[in-house]
1. Looking at 579, 619, 517, which one is away from the ligand (no atom under 16 Å from the Cβ) and farther than 27 Å from residue 673 by Cβ?
2. Which residue out of 147, 112 is surrounded by fewer than 24 Cβ atoms within 10 Å (Cβ to Cβ), among the small types (Gly, Ala, Ser) and within 21 Å of residue 209 (Cβ to Cβ)?
3. Restricting to segment 427-442, name every residue that is more than 20 Å from residue 382 (Cβ to Cβ) and more than 11 Å from the ligand (Cβ to nearest atom).
4. In the set 245, 266, which member is farther than 30 Å from residue 507 by Cα, in contact (Cβ under 8 Å) with a residue 40 or more places away in the chain, of a type outside the set (A, V, I, L, M) and not in a strand (DSSP E or B)?
5. Looking only at segment 313-351, how many residues end up being closer than 19 Å to residue 364 by Cα, part of a loop (DSSP other than H, G, I, E, B) and not aliphatic (A, V, I, L, M)?
6. What are the residues in segment 610-646 that are under 16 Å from residue 583 (Cβ atoms) and touching a Pro at 6+ places or on another chain (Cβ under 8 Å), if any?
7. Give the residue, chosen from 446, 411, that is within 16 Å of the ligand (Cβ to nearest atom), more than 24 Å from residue 552 (Cβ to Cβ) and in contact with a Leu (Cβ under 8 Å, 6 or more places away or on another chain).
8. Tell me, yes or no, whether segment 594-616 has at least one residue that is assigned to a loop (DSSP other than H, G, I, E, B), among the basic types (Lys, Arg) and more than 22 Å from residue 669 (Cα to Cα).
Amino acid sequence: MILSGMPEEVTIVGEVLPFDEKIELENWKDKHVSIKDYLDYHRKSIEELEEFWGSVAKELEWFKPWEKVLEEGDHPYVYKWFKGGKINLSYLALDRHVKSWRKNKLAYIWEGEPVNEKGEPKEVKKLTYHELWQMVNRVSHILKNFGLKKGDKIAIYLPMIPELPIFMLAASRLGIIFTVIFSGFTAENLSSRMNDLGAKLLITVDGFYRRGKVINLKEIADKALTLSPQIEKVVVVKRLNLKVNMVEGRDYWLNDLLDKVPYSANAEPELLESEYPLYVLFTSGTTGKPKGIIHDNGGYATLLHATMKWVFDIKDEDIYFCTADIGWVTGHSYIVYGPLIEGATILMYEGTPDYPAPDRWWSMIERYGVTIFYTTPTAVRMLMRFGDEYVKKHDLSSLRLIHSVGEPINPSAWRWLFDVIGEKRCPVGSTWWMTETGGILISHLPGKALIPLKPGTNGLPIFGVDADVVDDNGNSVPLGKKGYLVIKKPWPGMPSAPTGMLGDPERYRKVYFERFPGKGYFLCSDYAVKDKDEYIWVAGRADEVLKVSGHRIGTYELESVLVSHKAVTEAAVAGKPDPIKGEVPIAYVVLKQGFEANSKLIEELKRWVREKHGPVSVPESIFFVNKLPKTRSGKIMRRLIKAFTSGASLGDVSTLEDEAAVEEVKGAYEELMKSMKASK
Ligand code: WTA
């Protein structure tokens, strides 16, 4: 990859980043520290990495203390954190609180999507720590009764209903390794993930509400099950009382199973090795199928504990609202394990922010007195469009802290969160992390040491995390220059034993550690800039991965779906900046002989992608081209297509292709332009 030709001025959805603007909050004065003090303490935490993380981990309850904080595992770069230690996240999240005064504290407040004529929610469920603990124990019994035990694998395909965290916690209680599949995914996605993990049991639901519509999830699961014959049993949650197909001897209603388990049923938590896998979560990469990232127990719990305290300043009196879906890593870490380990009260919502009106979240913040709000730039940009009136209808004075996640936040969206939602009272941060990192690694730390805010920055790396921005050779870039984001030292919460990533540990090493040989740097595949205060500003992916409304989509996967259509011989997908979604996919398609390029086929291909890969992935535009630009050796000139799609000039493009001559790139560019005109 060649970085030259990159503009130094960095923009997020067209807005220039304000590197020099600093904001301090009078009402957070006691948490403010100078940048210098922060950096000094940070440096120390990195120099004494093991001691530092050891002291954080000590704040958790371990069944058996670790012998060594950090050790390289059986494969290069697959580390073991807190080796020898025994722990259980279900115990940390539940039993510990049930034994304390928190027993009757609310763990979850859940709100269903439907509303009555007055716009009030029709369904609200409140679960105390005791009730949650009891339910998790009973569900653990159900899993055991199916013969499942430590090391077995299950798949959870559930929407945002309380049974989702309940099954996750029950599995982790017994050391059963689970994968959650986002409820917006298609049957193909579900099946390939179940197969890759080797799951024996699937948990799903009859249906749920999404923007006022009923989604029949069991129907989709049934389709997936025809492609996943190794699934022996299916547990179905009854959410809507829909009539669904139940296969005798395979499918069971959760209610019927629960009827047979007494309230007193107690399932002892397994004493799990710290590095034992907790879950596998599939995420898109540059090539091939989505990768199954493995997270462990001890390191993961330690990072979540640290970040809940430092980043979210979590306190017992808080009402904490994270708007993510548990199907993604943000929900795993910051709707389930993180806040539960801290004994927090968590608001969980089934539906969309604009149903029945664009003030649904603001109404919820007011009604429950939410104090901490964790959301996404796409949602903010979408809700901003409806104007401030929807916000002003509600009293949001309970809010004290706001963060965003999932993609870069443009300065105007940041300002809206800061001015209109937080009324200039709340620190607003943009927490950077990835599925692979397990938890937040770069963020402001209002709960520990708050440095001045800047609209849109990620801030400095958290303590104990050695993040940096480097050039092509792995050397730190001069301040103000763009480069690659890397993590230079291992951190707790990183992909873990036995292989980091499902399958081949060699692939894990190649994907994340090969870019800077011998250095041991973890490649995040993001571009970033470090400003003169050393703040990091992540500016988007540096690989073939798109972030569409915060969803991570591999262009390669999308291209494979397009090429699997009978009319398509070749396809290339690239991201185009979008004022709301951040980025949208655009597809360039070469047709097989005998197929006519027309608008009917465009609609057909969009429907195909929706069905095979999901609604988020549907290209905004599909262009028919005569041929795709390729290098002499036959590789598609991806960066040319990317630059072309995002409207960059040919000047930016000509230096981008490693193998092709400038003339060749220019020719390919012009040809692409010509065939675009022809396909209009
Ligand atoms: C992007 C989501 C800028 C980034 C937790 C990363 C961000 C990818 C931010 C991981 C942020 C996440 N600012 N970019 N605050 N947070 N990203 O695995 O490109 O779905 O590589 O994890 O999201 O996406 P993933």
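1. Within the list 579, 619, 517, the selection yields 517.
2. Checking each option against the conditions leaves just 112.
3. Residue satisfying the conditions is 427 alone.
4. Only one candidate qualifies: 266.
5. The number of residues fulfilling the criteria is 6.
6. 617, 618, 619, 620, 641, 646
7. Checking each option against the conditions leaves just 446.
8. No: zero hits.
The values are calculated or read from the model by the stated rules, or taken from the named source; none is laboratory data. For clarity, every value in this text was computed on a predicted model and none was experimentally measured. With ideal geometry, Cβ positions are generated from the backbone for all residues, glycine too; neighbour counts draw on all protein chains shown.
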